[in-house]
1. Which residue, of V88, V65, V38, V102, is surrounded by 15 or more Cβ atoms within 10 Å (Cβ to Cβ), farther than 30 Å from I8 by Cα and β-branched (V, I, T)?
2. Here are some conditions: (1) within 27 Å of the chain's Cα centre (by Cα); (2) in contact (Cβ under 8 Å) with a residue 12 or more places away in the chain; (3) not in a helix (DSSP H, G or I). K98 meets all but one. Which one does it not meet?
3. Only one of these is in a helix (DSSP H, G or I) and over 21 Å from R4 (Cα atoms): T157, T83. Name it.
4. So for segment 27-50 (the condition being at pLDDT 95 or above and basic (K, R)), does at least one residue qualify?
5. Which one is nearest to L173 (Cα to Cα) among residues in segment 107-126 that are outside any strand (DSSP E or B) and under 17 Å from the mean Cα position of the chain (by Cα)?
6. Looking only at segment 1-29, filter to residues that are more than 22 Å from L142 (Cα to Cα) and among the β-branched types (V, I, T); which one of those is surrounded by the fewest Cβ atoms within 10 Å (Cβ to Cβ)?
7. Kindly indicate whether S16 is at pLDDT below 95, polar (S, T, N, Q) and not in a helix (DSSP H, G or I).
Amino acid sequence: MSWRSEHIWIELIKGSRKTSNFCWAFILFLGSLGFLLVGTNSYFGRNLISLFPSQQIIFFPQGLVMSFYGIAGLFISAYLWSTILWNVGSGYDRFDRKEGIVCLFRWGFPGKNRRVFLQFLIKDIQSVRIEVKEGIYARRVLYMEIRGQMAIPLTRTDENFTPREVEQKAAELAYFLGVPIEVF
């Protein structure tokens, strides 16, 4: 989602609150809970919940391994739910031609560096760069080249843009900022 006027362009960045993250966190939570319940049932030697039969599973080694997988899955699920709750990676890109400033803001994990805020002068921007990697995991990422610094990604690597969408976005941004486009 973006908002644009004659002098200001604001691009909102979605972050980790995506449908796929909700689905994976939910599936992982239920799956790991199932593994943990089967491991617990095999430890006690009876069915605490009839939905998960465990008569054929002995605790050592199968039940122990299933309990381990269940606990590990719950930790990974908690991590995913935390990133969704804190909306890690969300923020905005603000390009202001009137003041000659580019501001990039992202939310990170809690702590002293929770807010990531970068500010540059438009005159320091060398180019808008498109990096294309084709293959099984095709990837098209938009970068901003800053003089004397490294390239800063403007799009996420997991966004599946078509070549036309990336080229159009790069062309619009390069025209707005008055810089050339590079393709790698």
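1. Just one listed residue meets the conditions, V38.
2. In the conditions (1) within 27 Å of the chain's Cα centre (by Cα); (2) in contact (Cβ under 8 Å) with a residue 12 or more places away in the chain; (3) not in a helix (DSSP H, G or I), K98 misses (1) alone.
3. After applying the criteria, what remains is T83.
4. no
5. So the residue we want is G108.
6. T19
7. Yes; evaluated as a whole, the condition is true for this residue.
Table: residues versus (1) under 24 Å from R17 (Cβ atoms); (2) among the polar types (S, T, N, Q); (3) crowded, with 17+ Cβ neighbours inside 10 Å.
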{"site": "F109", "(1), (2), (3)": "yes, no, no"}
{"site": "V116", "(1), (2), (3)": "yes, no, no"}
{"site": "L142", "(1), (2), (3)": "yes, no, yes"}
{"site": "R147", "(1), (2), (3)": "no, no, no"}
{"site": "M150", "(1), (2), (3)": "no, no, no"}
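The values are calculated or read from the model by the stated rules, or taken from the named source; none is laboratory data. What you are looking at is a predicted structure, and each value in this text was computed from that prediction instead of being measured. Neighbour counts run over all protein chains shown; Cβ positions are idealised from the backbone, glycine included.
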